[in-house]
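> Got a structure here, written out as structure tokens. Questions coming.
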Amino acid sequence: MIKKGGMNMKKWIIFALILMMFLVPGNLRGASNRQNPSNATNVELVKKVTIRAPQGKGKPSKTAATETLGAPCTGTKYAIVIGISDYPGTANDLSYADDDANVVKTTLIDKYSFKDGNIILLIDMDASYSNIRNAINYLKDKVSASDEVVFFFSGHGARGTADDGDNEKTDEAIVSHDGSKLVPIWDGDLRNWFSDYKTSRIIFIFDSCLAGGMTDLASDGRIINMACSENGVSYESPQWGGGHGQFTYYFAEEGMNLGKADTYDHDGNPDTFDVTVEEAFDYASANCTLQKPVIRDQFLNDLFP
């Protein structure tokens with residue numbers, strides 16, 4: 001018999017459960033479904049640079065495109081398009097990342113038959129960590145094996161040592177926010193969030209500093225288009241289409257939207273539009289200055305969105 005003032009069995013069980021929560025290492029609690037930003041140390045914000053002086057064109061590099069077109073998408077086309085010019089406060093604001101997002105959305109609709117209702121556009125304050133995470137989760141539940149997904153980001157990058165589930169000594173991130181402060185989304189987090197997508201047709205496009213570090217996302221059926229190297233800086237300027245990131249302008253606006261990247265006649269009809277992702281990357285790579293775009297292509301032949 002338990003004496004008066006002692007704990008009954010129900011209270012003992014509650015006490016034991018609480019004690020177990022504190023004994024379990026913090027990095028294991030909730031690890032299977034991260035909803036909050038990963039812990040990180042030595043975080044360094046690497047800002048995209050806005051320049052005013054006109055720049056020349058870059059030099060042609062080894063091409064990614066071939067004359068062989070891969071199988072077209074037979075399912076539904078979805079996209080998450082993100083552009084952050086207005087970060088919390090004023091010190092980290094950009095001028096044209098929102099314009100980058102808008103031109104990508106327009107290009108997907110006008111040139112690649114994406115439906116407006118299947119594109120999630122997140123601009124400035126709407127492009128919070130939670131909204132980006134929720135958008136990826138939302139599409140994960142909708143996308144089937146025959147569908148296709150585009151993920152585009154324009155904004156700042158960051159690096160540091162993050163508890164994001166990989167073994168890298170230095171991690172790279174795209175930078176979102178929570179409405180009041182900057183919040184990095186680490187490469188390992190993105191890899192985990194996209195790991196169980198059912199489709200093998202995913203196109204990633206990153207116009208941010210350190211973008212070349214996003215190779216963690218590599219997998220069969222994916223193409224990762226990165227505006228610069230793993231240690232590089234990306235640029236934006238009004239000289240590119242009135243105001244865009246350099247990579248986005250040559251990749252999406254000139255390369256895709258204006259059709260200037262159309263190197264190969266894939267369908268045998270020179271009058272039809274058939275710019276592939278690889279062709280758009282080649283065109284951007286050949287025209288970018290001050291930054292060196294990087295591609296990781298694990299899609300069979302060329303991908304026509």
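The values are calculated or read from the model by the stated rules, or taken from the named source; none is laboratory data. Because the structure is a prediction, the values reported are computed rather than measured. Don't worry about glycine lacking a Cβ; one is built from the backbone with ideal geometry, like all the others, and counts go over all protein chains shown.
> Among S130, S154, S200, S208, which is the only one that is within 30 Å of N257 (Cα to Cα), surrounded by fewer than 19 Cβ atoms within 10 Å (Cβ to Cβ) and not β-branched (V, I, T)?
Exactly one residue qualifies, and that residue is S200.
> Has the range 202-216 got at least one residue that is more than 14 Å from the chain's Cα centre (by Cα) and within 27 Å of S85 (Cα to Cα)?
The answer is no, given that none of the residues of the range 202-216 is more than 14 Å from the chain's Cα centre (by Cα) and within 27 Å of S85 (Cα to Cα).
> S219 fails exactly one of the following numbered conditions: (1) of a type outside the set (D, E, K, R); (2) within 20 Å of the chain's Cα centre (by Cα); (3) surrounded by 16 or more Cβ atoms within 10 Å (Cβ to Cβ). What is the number of that condition?
Evaluating S219 over (1) of a type outside the set (D, E, K, R); (2) within 20 Å of the chain's Cα centre (by Cα); (3) surrounded by 16 or more Cβ atoms within 10 Å (Cβ to Cβ) leaves (3) as the failure.
> Filtering the range 262-298 down to residues that are aromatic (F, W, Y) and closer than 11 Å to A64 by Cα, which residue is surrounded by the fewest Cβ atoms within 10 Å (Cβ to Cβ)?
The residue in question is Y283.
> Against the definition (surrounded by 16 or more Cβ atoms within 10 Å (Cβ to Cβ), more than 16 Å from the chain's Cα centre (by Cα) and either of a type in the set (G, A, S) or over 21 Å from L210 (Cβ atoms) (or both)), how does N118 come out, yes or no?
yes
> Please note which strands (runs of 3 or more DSSP E) are completely contained in the range 194-305 and include at least 3 residues that are over 21 Å from S95 (Cβ atoms). Before you say what the answer is, go through the steps one by one.
Numbers: elements: 202-207, 222-226, 235-237, 294-297.
Of the strands (runs of 3 or more DSSP E) lying wholly inside the range 194-305, those with at least 3 residues that are over 21 Å from S95 (Cβ atoms) span 202-207, 222-226, 294-297.
> Turning to a different aspect of this structure: Suppose we filter K198, K169 for residues that are at pLDDT 95 or above and of a type outside the set (S, T, N, Q); which single one remains? Break it down stepwise before answering.
Details: K169 fails: at pLDDT 95 or above.
It is K198.
> Anything in the range 101-139 that is in contact (Cβ under 8 Å) with a residue 40 or more places away in the chain, among the basic types (K, R) and either closer than 16 Å to I205 by Cβ or in contact with a Lys or Arg (Cβ under 8 Å, 6 or more places away or on another chain) (or both)? List them, or say none.
K111
For (1) of a type in the set (D, E, K, R); (2) within 17 Å of P184 (Cβ to Cβ); (3) at pLDDT below 95, each residue gets a yes or a no:
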{"site": "T107", "(1), (2), (3)": "no, no, no"}
{"site": "L121", "(1), (2), (3)": "no, no, no"}
{"site": "R133", "(1), (2), (3)": "yes, yes, no"}
{"site": "V150", "(1), (2), (3)": "no, no, no"}
{"site": "G155", "(1), (2), (3)": "no, yes, no"}
{"site": "A158", "(1), (2), (3)": "no, yes, no"}
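> Out of the range 106-122, which residues are closer than 16 Å to G255 by Cβ and basic (K, R)?
K111
> Would you confirm, using the coordinates I've provided, whether S234 is at pLDDT 95 or above and under 15 Å from the mean Cα position of the chain (by Cα)?
yes
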